[in-house]
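Below: the structure, in structure tokens.
The values are calculated or read from the model by the stated rules, or taken from the named source; none is laboratory data. What you are looking at is a predicted structure, and each value in this text was computed from that prediction instead of being measured. No Cβ is skipped: glycine too gets one built from the backbone with ideal geometry, and neighbour counts run over all protein chains shown. SASA here: full protein model, heavy atoms, side chains in, ligands and nucleic acids out. Shrake-Rupley method; radii C 1.70, N 1.55, O 1.52, S 1.80 Å.
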Amino acid sequence: MNFDDTPQEAEFRATARKWIDANAPKQYEAELSKSSLGRIRLEKEDIVDVGKAWQKKKAEGGWACLHWPKEYGGRGASPIEKVIWQQEEGVYGKLTQPFQIGEGMCGPTVMAFGSEEHKRHYLPKLASGEHIWCQLFSEPAGGSDVAGLRTRAEKQGDNWIVNGQKIWTSGAHYSDYGLLITRTDPNVPKHKGLTMFFLDMKSKGVEVRPIKQANGMQEFNEVYFTDVVIPDSQRLGAVGDGWNVSLTTLMNERMSIGSRLATGFPEMFEFCSNLMTDDGLAIDDPATRSKLANWAVKASGLKYTSYRAISSLSKGERPGPENSIGKLVSGSMLQDIATYAMDLQGAAGALTGADEEMARGQFQQMLLSSPSMRIAGGTDEILRNIIAERVLGLPGDIRVDKDVPFNKIPTKGRG
């Protein structure tokens with residue numbers, strides 16, 4: 001495979017670079033460059049407000065949601081052109097964090113299952129940053145078993161009445177809309193009784209409670225639904241076909257997470273190149289060099305696995321289960337790198353704030369946020385099962401509840 005730009009790609013890159021140079025909010029470049037992994041914030045500005053302004057400017061210039069069709073707010077660009085844009089956008093891409101779920105997961109699901117009216121109404125506002133979307137899947141009792149959800153939707157005339165709870169919902173506290181998967185039939189096996197909707201997050205009966213994280217951020221939320229009314233016109237897919245609809249979201253989610261999640265390796269390599277220990281530079285230590293070499297190989301593998309997925313997309317193929325590989329590897333790698341960096345620093349690893357401690361504070365925040373990266377978008381165990389069964393073709397796990405009606409599955413709360 002030739003990774004050099006074609007003449008057309010080189011022209012696209014030059015055009016993108018010129019536009020970014022003329023329009024990027026350079027006053028935030030230094031802060032964004034120093035933002036630690038897992039803790040992207042600005043000292044004097046709200047990251048969401050700045051992100052919305054940048055997203056709006058990109059949309060006006062034709063650079064938002066590049067791979068979407070033009071009629072839905074995109075540019076109709078190729079997957080390769082999207083990658084080129086991300087490379088050129090650089091640190092300013094951190095400002096797009098509030099929109100990644102909408103662009104990478106919710107938008108493609110609405111595009112696949114929404115009505116033409118909905119697509120033309122909602123997607124351009126998502127692309128322009130006017131609206132932010134979240135994904136309402138996980139529940140306290142379900143863990144990584146999405147199909148074990150208990151939030152119920154009951155039909156009343158042309159509406160559905162929703163009651164239940166979601167958890168670990170990223171960005172719910174600043175989102176305008178959300179994708180919501182519910183149980184509409186408890187009398188059939190758990191995968192068959194689900195239905196997908198989208199809803200206004202400001203609807204009566206929706207309560208969002210932010211979750212305080214160990215790294216001081218509040219990116220995740222609990223969301224409660226009490227007699228929330230959702231019109232049937234906001235249903236995505238057929239009644240009872242919510243699992244199939246959710247697969248579109250989940251496959252896009254794992255591709256989005258796996259392709260964008262930082263591993264921490266570039267920061268670690270630079271840090272070891274400059275860290276002076278009692279025995280000299282950290283990078284001169286054979287044990288440290290061995291670890292760096294191992295991580296370099298993994299980082300390279302992630303890069304080219306991502307390129308393979310991009311090549312498939314360029315052929316018009318749907319994101320597949322193999323995209324779970326990127327998320328699985330990068331999540332554990334991030335945690336391993338942060339842990340080793342803290343070991344190298346010793347007691348100094350607890351320091352943050354001052355310029356000379358910036359790198360140490362960065363790895364501290366990376367370590368505190370890294371466990372969530374191994375849970376969000378599917379736990380390591382779930383991803384290994386997907387890779388084993390759907391990529392390698394190995395025998396599936398025994399699932400005793402596979403054909404059992406959901407309301408007949410034993411739980412601790414039932415006799």
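A compact table of results
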quantity	calculated
Between helix 79-89 and the chain: long-axis angle, C-alpha atoms, 0 to 90°, nearest 10	50 degrees
Computed [θ] at 222 nm, deg cm²/dmol, the chain (DSSP H ≥ 4; -39,500 (n - 2.57); rounded to nearest 500)	-13500 deg cm²/dmol
The chain: relative contact order as a whole-number percent, Cα under 8 Å and 6+ apart	14 percent
Tilt relative to the chain, helix 265-274 - C-alpha long axis, 0 to 90 degrees, to 10	20 degrees
Full-stretch length increase - Ile283, Ala296 - with 0.36 nm per residue and alpha-carbon distance subtracted	3.3 nm
Gaussian network model of the chain, springs between alpha carbon atoms under 10 Å - residue of Val404, Val208, Val391 with greatest fluctuation	Val404
P(r) histogram, all alpha-carbon pairs of the chain included - 10 Å bins from 0, percent	4, 20, 30, 27, 14, 4, 1, 0
Hydrodynamic radius (Kirkwood) for segment 133-246, which is based on Cα pairs only, to one decimal in Å	14.0 Å
Estimated distance in nm for a label pair at Glu71 and Asp241, the labels positioned 7 Å out from Cα along Cα-to-Cβ	2.1 nm
Gyration tensor verdict on segment 7-127 (Cα atoms; rounded if a/c is under 1.5, prolate if a/b is larger than b/c, oblate otherwise)	oblate
Exposure ranking of Leu247, Leu95 by accessible area [1.4 Å probe, largest first]	Leu247, Leu95
Angle in degrees between helix 116-127 and the longest Cα principal axis of the chain, rounded to the nearest 10	30 degrees
Theoretical gain in end-to-end length, Lys303 to Lys202 [0.36 nm per residue, Cα-Cα removed]	32.4 nm
Surface share of carbon and sulfur [accessible, 1.4 angstrom probe, percent] for the chain	51 percent
Distance between modelled label sites at Asp4 and Lys56, nm, 7 Å Cα→Cβ extension	4.3 nm
Full-stretch length increase - Asp176, Asn163 - with 0.36 nm per residue and alpha-carbon distance subtracted	2.8 nm
Inter-label distance, nm, simple model (7 Å from Cα along the C-beta direction), Ile398/Gln100	3.9 nm
Rounded accessible area per residue of the chain, 1.4 Å, Å²	49 Å²
Relative contact order %, segment 7-127, counting alpha carbon pairs below 8 Å whose residues are six or more apart	28 percent
Within straight-line cross-link reach of Lys204, lysines at Cα separation under 21 Å, skipping those fewer than 8 residues along the same chain	Lys155, Lys166
Distance from segment 165-222 to segment 384-404 (C-alpha centre basis), Å	27 Å
Mean separation of Cα contacts under 8 Å, 6 or more apart, over the residue count of segment 123-209: relative contact order %	28 percent
Calculated FRET efficiency for the pair Ala347/Glu11, C-beta based, R₀ 41 Å, to 0.05	0.20
At R0 = 25 Å, FRET efficiency that the Cβ-Cβ distance of Asp227 and Asn187 yields, to 0.05	0.65
Nearby aspartates and glutamates by direct alpha-carbon distance to Lys291 (threshold 12 angstrom, same-chain neighbours under 8 apart not counted)	Asp336
